[in-house]
Amino acid sequence: MSKSLFFLSFVLSTGLVFSQKNSAPKLVVGVVVDQMMVDYLYRYESRFSKGGFLKLMNKGTNCRNTQYNYVPTYTGPGHASIYTGSTPSESGIISNSWYDREAGASVNCVTDSNYFSVGTESSSGIRSPHYLKCMTITDQLKATYTNSKVISISIKDRGAILPGGHMSDGSYWYDYVTGRMITSEFFMNELPQYVKNFNQLGKPAVAMKTTWNTLYPIETYTASGPDDSPYEMIFRSKKTPTFPYNFAQITDSVGPYSYFTSTPMANTFLTDFALSCMKNENLGRADHTDFLAISYSTPDIAGHAFGPYAVEMEDMYLRLDLEIERLMKALKKQVGNDFVIFLTADHAVVPVPQWLIDNKLPGGYAFLDQKLIDLSEEIVNKFGADFLVKEENDQIYLDDELMEFMGVDKDEIELFTAHQISEWGGVKYVYTTKDMHRSSGADGLTEMIRNGFDPKRSGNVIFVLESGYLSKSADTEASRKGTSHGSAYNYDTHVPLLWYGKNIGKKQVYERIEIIDIVPTLSQILNLQNPSCTMGIPILPVLTK
């Protein structure tokens, strides 16, 4: 039975009624915490404040089994799916970047050379949502109710641009060159005065003259491993990955803005900016619904360096909890109880594979540099030409034009390439373009691969690594520190989803929810048509009494 038919039959059989369906909130706030694992909510629970994560978890609706239904699980696709209700196969955002066959180069998912930066002379604002093929829930809101305002902010460009969609009133992100919040000419020709005023405060430069130490005595951080861990990356000029972090010393040789986004101070900075946007844009204070999208990028930036069991990450989340509390208080002051907030993540993260290896758990590395050289030679020996163009996102791009010119069988070359890759250590499954176009016989993993596949943007051959594995270029000491994400395994796909606010009940929900179900739920809350490519279904426990 399809998800839509299941939804209809469930409603009819239970007689459930949506709560006050004609009463949309004055303000919706979407919070995405980049790289947030579900277990952070419970590992650190005893030390959270009453008004932050705990308020959302215990006084709202906690969807505890929320899953991504596609791969690869990266920031760009995650934000696109959260806000379009569709998978990358529909949205077109198949990764943070991919190989563009026409351009003959890799492209970033939000780069657009048709527009100049606004608020900086750097290239950081040469951006737009033009690669996004679908409408977002924020687009749908703006298209339906033209007076509604949509503001979207993040440290990362893609974390601001994709949630705000094509019709945003203001999408702003951090410029690593200047330390300012900037935008693109796609959205406006000049920053609003309040954004200019915020930038003039120079908060990142001030923060980088201070020291990051733990919020509480370090010996109380028992939900983490040792502070001095061999699995963590080391900041420049430090000898160990340990507290304290004196950024006045660390940033001497790299400038004041590079390491800022790795610290909890960047979360505070983003909350400060969110509150400024709320106040100056008068969000939620008119006779329509406004939307504020916030994406906290720093947990991902730091998470890549430290891994999920680091003291740094425990401190990061204890401090982020205080930011969520501050945001909740500001919402209450701004609109009373007339708001809805949801919080989720664009993906989670695998434990550092070297930590898995050392603890005799499944995990490892696939070092690709030499493997790709060997693969090129094997293709030349077999077919007389090197058709291998690029590896990106565990996908192999072949030269389609050359194969057509030479009159060779594309399916045969893809199948040969897939067979060679299947012999690599750490590879579990390999798929070809033909596999993606088969209409039947898909298991769960194959369906997830198909949901992430766009025939014009994805590679010819896609390989899936074993659980706990990451692909790296070469085997070095540095490559075995830190971690990443992108897989179909639960450590990457299982994310938090918390709802709180007007007409949202106090519930713990254990049935499977898919990330694409957020948008159709918001459509019901806001009395909107589903956006163009939405594939999910409304989450009934969020909507029913």
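The values are calculated or read from the model by the stated rules, or taken from the named source; none is laboratory data. Keep in mind it's a predicted model, so treat the numbers as computed, not measured. As a convention, Cβ positions derive from the backbone with ideal geometry for all residues, glycine included, and neighbour counts pool all protein chains shown.
Values as computed for the structure displayed
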item	result
Output for the range 95-121, where each listed residue is part of a loop (DSSP other than H, G, I, E, B) and touching a strand residue (DSSP E or B) at 6+ places or on another chain (Cβ under 9 Å)	95, 96, 101, 104, 109, 110, 112, 115, 116, 119, 120
Checking residue 357 against (1) over 30 Å from residue 527 (Cα atoms); (2) buried (at least 19 other Cβ atoms within 10 Å of the Cβ), the condition it does not meet	(2)
Elements of type strands (runs of 3 or more DSSP E) in the range 347-400, at least 1 residues being over 30 Å from residue 299 (Cα atoms)	388-392, 395-398
Single residue of 305, 248, 274 found to be in a helix (DSSP H, G or I) and modelled with pLDDT under 95	248
Matching residues, the range 428-451, being in a strand (DSSP E or B) and either at pLDDT below 95 or surrounded by fewer than 19 Cβ atoms within 10 Å (Cβ to Cβ) (or both)	428, 429
From the options 454, 409, residue that is touching a Pro at 6+ places or on another chain (Cβ under 8 Å) and surrounded by fewer than 19 Cβ atoms within 10 Å (Cβ to Cβ)	454
Residue within the range 72-89 that is over 24 Å from residue 535 (Cβ atoms), in contact (Cβ under 8 Å) with a residue 60 or more places away in the chain and not in a loop (DSSP other than H, G, I, E, B) present	no
Test: residue in the range 355-363 that is of a type in the set (D, E, K, R) and more than 30 Å from residue 481 (Cβ to Cβ)	no
Breaking point among (1) touching a Phe, Trp or Tyr at 6+ places or on another chain (Cβ under 9 Å); (2) modelled with pLDDT of 95 or more; (3) outside any loop (DSSP other than H, G, I, E, B), for residue 454	(3)
Residue match in the range 520-531 (condition: at pLDDT 95 or above, closer than 20 Å to residue 70 by Cα, out of contact with any Pro (no Cβ under 6 Å at 6 or more places or on another chain) and surrounded by fewer than 21 Cβ atoms within 10 Å (Cβ to Cβ))	no
So residue 209, is it modelled with pLDDT under 95 and either assigned by TED's automatic domain parsing to the domain that holds residue 97 or in a loop (DSSP other than H, G, I, E, B) (or both)	yes
Options 283, 215, 270; residue that is surrounded by fewer than 18 Cβ atoms within 10 Å (Cβ to Cβ), assigned by TED's automatic domain parsing to the domain that holds residue 150 and either of a type in the set (Gly, Ala, Ser) or within 28 Å of the chain's Cα centre (by Cα) (or both)	215
Residue among 477, 447, 466, 511 that alone is under 17 Å from residue 73 (Cα atoms) and over 21 Å from the mean Cα position of the chain (by Cα)	466
Yes/no for residue 144 being within 19 Å of the chain's Cα centre (by Cα) and either closer than 22 Å to residue 517 by Cα or not basic (Lys, Arg) (or both)	no
Test: residue in the range 246-268 that is acidic (Asp, Glu) and more than 30 Å from residue 163 (Cβ to Cβ)	yes
Residues of the range 202-229 satisfying the condition of being at negative phi and small (Gly, Ala, Ser)	205, 207, 223, 224, 225, 229
